[in-house]
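Novice: Next up is a structure, given as structure tokens.
All of the numbers you see were taken from the coordinates with simple rules; none came from a lab. Keep in mind that what you see is a predicted model, and the values were worked out from it rather than measured. No Cβ is skipped: glycine too gets one built from the backbone with ideal geometry, and neighbour counts run over all protein chains shown.
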Ligand code: NHR
Ligand code: GAR
């Protein structure tokens, strides 16, 4: 039996993934859960976009897939309140943002503090926010990549868990660079989730720790 960092001491780590689109990172997590490499149960997938292909990936894997369309809410706060209830109803030990494109309110972040992680397509603290690949190329950056971090109220600024690097090539387009970053994402995100599900990863103050040792 695993001892988890959450209050779920008797069962496997329950994961909810939040998406807005294709869901290739979701797929990587699904695959690593089903082959037993991640000791966890993916209990729900939630999208704010009805047409997100990731919802289909979840259903194909037999995972409960729900959509909460932010456009149907009068305000950001109202959407976040409904999202909090929907996600909390899954009793998650871990909530993983995987291409989720809505900024989350302080109330949501507080509710899931210490069990909320994100994958961001840049080597943070470089290029927080959107359009990271285009900005990296425009700057003539030599290196780019992806970062998994705990989510805090400050956008893309929470404690870093793991990063993966790629070289920016002379003839890279936004598209070719994004494709190589994706490969890195599909390696590092399942690794971070595996650490969390094994009870090895926590956030202590401003740093993420693995087996009690600071990661940065
Ligand atoms: N919320 C908080 N509080 N903190 C973070 O670190 C978050 C977060 C929500 C999402 C993912 C993030 C990324 O990895 C993420 C991190 C969306 C936007 C954004 O500007 C920025 C960063 C991220 C996700 N979204 C617009 C908004 O108004 C909408 C853009 C759209 O719909 O296309 O929410 O990059
Ligand atoms: C990923 O590259 C992820 O890092 C990025 O969106 C892509 C989603 O791909 N996230 C953000 O840009 C968050 N603002 P996926 O849906 O195939 O996993």
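Novice: When the convex hull of the Cα atoms of region 9-94 is projected onto a plane and the area is averaged over all directions, what value comes out in nm²?
Specialist: In nm², the orientation-averaged hull projection of region 9-94 is 5.7.
Novice: What is the projected area of the convex hull of the Cα atoms of region 88-216, averaged over all directions, in nm²? Show your work: numbers first, answer last.
Specialist: Numbers: hull surface 31.7 nm².
The directionally averaged projection comes out at 7.9 nm².
Novice: For the chain, what is the percent of antiparallel DSSP beta bridges, rounded to the nearest 5?
Specialist: Among the beta bridges of the chain, antiparallel pairing accounts for roughly 50 percent.
Novice: Roughly speaking, what % of Cα-Cα pairs in region 164-216 are separated by over 17 Å, rounded to a whole number?
Specialist: 51
Novice: Let's test this: bin the Cα-Cα distances of region 38-142 at 5 Å from zero up to the farthest pair and state each bin's percent.
Specialist: Going out from 0 Å in 5 Å bins, region 38-142 shows 2, 11, 18, 21, 18, 14, 9, 5, 1, 0 percent.
Novice: If you build a Gaussian network model of the chain, linking Cα atoms that sit under 10 Å apart, which residue out of 198, 34, 20 swings the most?
Specialist: Maximum among the listed residues: 34.
Novice: Run the helix sum for the chain: -39,500 (n - 2.57) per DSSP H stretch of 4+ residues, divided by residue count, reported at 222 nm to the nearest 500 deg cm²/dmol.
Specialist: The helix contribution divided over the chain gives -10000 deg cm²/dmol.
Novice: Ok, one more. Shape call for region 85-155 from the C-alpha gyration tensor, a ≥ b ≥ c root eigenvalues: rounded (a/c under 1.5), prolate (a/b greater than b/c) or oblate?
Specialist: prolate
Novice: Between residue 67 and residue 175, what is the spin-label point distance in nm, taking each point 7 Å from the Cα along the Cα→C-beta axis?
Specialist: Reported label-point gap for residue 67 and residue 175 is 2.7 nm.
Novice: At a Förster radius of 35 Å, what calculated FRET efficiency corresponds to the Cβ-Cβ distance of residue 88 and residue 204, to the nearest 0.05?
Specialist: That pair, residue 88 with residue 204, gives E of 0.90.
Novice: Connecting C-alpha atoms closer than 10 Å in a GNM of the chain, tell me which of 27, 153, 111 has the biggest fluctuation.
Specialist: Result for the chain, Cα springs under 10 Å: 111 fluctuates most.
Novice: Considering the chain, what Rg and Dmax in Å follow from its alpha-carbon atoms?
Specialist: Reported Rg and Dmax, both Å: 16.7, 52.
Novice: Continuing with the same structure: In the Gaussian network model of the chain, springs joining C-alpha atoms below 10 Å, which of 150, 100, 53 carries the largest mean-square fluctuation?
Specialist: The residue that fluctuates most here is 53.
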